[in-house]
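Undergrad: Okay, here's the structure, questions in a sec.
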Amino acid sequence: MATLLSNGQQSLMASASNGQEQQQQQQQQQDEPEQQHVEIRKSSSPKPGAMPSLKLNRMGSVSPKDKRVYKIVLTGGPCGGKTTGQSRLCTFFENLGWKVFRVPETATVLLSGGVKFSDLTEKEAYKFQENLIRTMVQIENTYFELGNSSTRNCLIICDRGVMDASAYISKDKWEKMMAGNNWNPVEMRDNRYNQILHLVSAANGAEDFYSTEDHACRSEGVDLARELDYKSAAAWVGHPYFDVIDNSTNFETKMNRMIESVCQKLGIDIGDRLQATSRKLKYLVALLPPDSEFPPFQDFDVVHHYLQSAGPKVQARLRKRGQKNHWSYIHTQRRPNVHGQARIEVKTQLTHRDYMNLLAQRDDAHFTIYKKRRCFLINNQYFQLDIYKEPGHPRCKGLVLLETYSSLTGDALKNCMPKFLNIVKEVTGDPDYSMFNLSLKEDWSTTKKFCRSATHVKGAANGVSSTPLLLNGQ
């Protein structure tokens, strides 16, 4: 499934590769993508059924109302491929006609000036981290403003983001710092960046390629690198578009998976240029364990409203997602069979005002969907657990669905699944578990609105049963 998030774009830092990147690249031929310029046109004020159209644009410039600025963060532990990843993303999107900005890593800039973190007192270290975040925000804002003023679609690639600082400070001090500066995680994590890409350190799954050579600010051993990798990933748990690019493949494929992930979120049809690997997986879960059984997690309140659309094959909805009364807002359109892709989603980040205006287009044929969404990371795999809440249709009572994106199959996928959850079966593509169908007010046996376009994937890759299970009201 391809998606488009239209309120930001990102840039990559082109620089020499090192460590894992150098050694694995020596074994493989690097193919540069064929040059072309692609424009995805999108109205800034979505209308029911409106969809972006892709067309060639040899000049690369776009009209102000169609231009997009897409902001991504490249993060991860030491020797994960961030340097090479920046260069690859930069080349790929420049060949598509985009303007690419690369935001340097603030910590490296400051530490290269003679600062030794180990020499700082506790008070000095706290103040250093606070000033580092303030400096990072200002540097990023400079590039964000350049992106907004550009006449071309713009990708802004941040070498780490503000939440990475929380990996190097205790939870109590981090919360004190957030409160003292009137910061909140929804704004700093969810609304500030459009997508987070965590490139797993070579110290975790590709140890033969881990190296600290040729990096002036890197001195971590393998064990410390693994710890830092986990902490940097945990810092971003909760972001709605968080992709973990692990070491389950060779390095060249790892880089392609990274580029593919960004293209999917942007809705860019890349044809067979990059082999499709990652796919969305959905599982039915029963009898949730106590919270103490979960790894560190983030809980969100989520509200979905379906909107009136232009036809039965077009779905449009609003999503409000937040913590402690801080919210982010997304408008989503879905239409199948666009440009040869199975389906495409167009996501637009909204202001609160736009969200309230679009609520006037609510479709009375659907219930409002209320969920608690729990996000957690385990075995280098990012999961979202949707726990349906009342009010809603009786068919949703007690419903719990687990979602993830993965390129793994068979035993490899089974081994990374959370063992503490009671997974009943895989329901990927099963229309009985489509949120669109679950929200319908009419009975499925009589309604004409039931969407059967999804293809149910039989034979779950993780080895659990695919035998149909009827819920209340089904």
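The values are calculated or read from the model by the stated rules, or taken from the named source; none is laboratory data. For clarity, every value in this text was computed on a predicted model and none was experimentally measured. In this analysis, Cβ positions are derived from the backbone assuming ideal geometry, glycine residues included, and neighbour counts consider all displayed protein chains. Just the protein is used for accessible areas: all its heavy atoms, side chains included, with ligands, DNA and RNA removed. Shrake-Rupley method; radii C 1.70, N 1.55, O 1.52, S 1.80 Å.
Undergrad: Charges on Cβ only, +1 for Lys and Arg, -1 for Asp and Glu, centred on the Cα centroid of segment 67-264; of L146, Q86, V237, which one is farthest towards the dipole's positive end?
TA: With unit charges placed on the Cβ atoms, the residue in question is L146.
Undergrad: Still on this structure: Compute the distance from the alpha-carbon center of segment 117-179 to that of segment 235-258, in whole Å.
TA: Measuring centre to centre over Cα atoms gives 22 Å.
Undergrad: Run the dipole for segment 67-142 about the Cα centre, Lys and Arg Cβ at +1, Asp and Glu Cβ at -1, nothing else charged, and hand back the magnitude in debye, nearest 20.
TA: Working: 11 positive and 7 negative charges, 86 e Å.
The calculated dipole for segment 67-142 is roughly 420 debye.
Undergrad: Amide H neighbours of R68 under 5 Å, counting only residues 5+ apart in sequence or on other chains, H built in-plane at 1.01 Å?
TA: The answer is N153, C154.
Undergrad: V427's amide H: which non-local residues (gap 5+, or another chain) put their own amide H closer than 5 Å, with H modeled 1.01 Å from N in plane and none for Pro or chain starts?
TA: Amide H neighbours of V427: K282, Y283, L284.
Undergrad: Going by accessible area, probe 1.4 Å, with all protein chains left in place, what is the ranking of Y388, Y168, largest first?
TA: Working: Y388 20, Y168 105 Å².
Per-residue accessible area, sorted high to low, gives Y168, Y388.
Undergrad: On to the next question. Please calculate the 1.4 Å probe accessible area of I169, with all protein chains present, and give it to the nearest 10 Å².
TA: For I169, solvent-accessible area is about 30 Å².
Undergrad: Per residue, what accessible area does segment 116-206 have, given a 1.4 Å probe and all protein chains present, in Å²? List each step's numbers first, then the result.
TA: Numbers: 4070 Å² over 91 residues.
Using a 1.4 Å probe on heavy atoms only, each residue of segment 116-206 averages 45 Å².
Undergrad: I've got another one for you. Take the cross-link list K282/K320; K127/K171; K67/K347; K347/K425 and give me the ones stretching past 23 Å between alpha-carbons. Present the calculation step by step, with values, prior to reporting the outcome.
TA: Working: K282/K320 21 Å; K127/K171 15 Å; K67/K347 14 Å; K347/K425 29 Å.
Among K282/K320; K127/K171; K67/K347; K347/K425, the Cα-Cα distance tops 23 Å for K347/K425.
Undergrad: Taking the Cβ of D291 as the centre, find all other residues whose Cβ is under 15 Å away and add up their charges (Lys, Arg: +1; Asp, Glu: -1). Walk me through the intermediate numbers first.
TA: Details: positive: K372, R373, R374; negative: E293, D299.
Residues close to D291 contribute a combined charge of +1.
Undergrad: For segment 67-264, with only Lys/Arg (+1) and Asp/Glu (-1) charged at the beta-carbon, what is the dipole magnitude about the Cα centre, in debye rounded to 20?
TA: Details: 23 positive and 26 negative charges, 158 e Å.
It works out to roughly 760 debye.
Undergrad: Now, a different point. Taking amide H positions as placed 1.01 Å from N in the peptide plane, with prolines and chain starts having none, which residues 5 or more places from V103, or on another chain, fall under 5 Å of its amide H?
TA: Sorted by chain and number, the residues that satisfy this are S11, I157, C158, D159.
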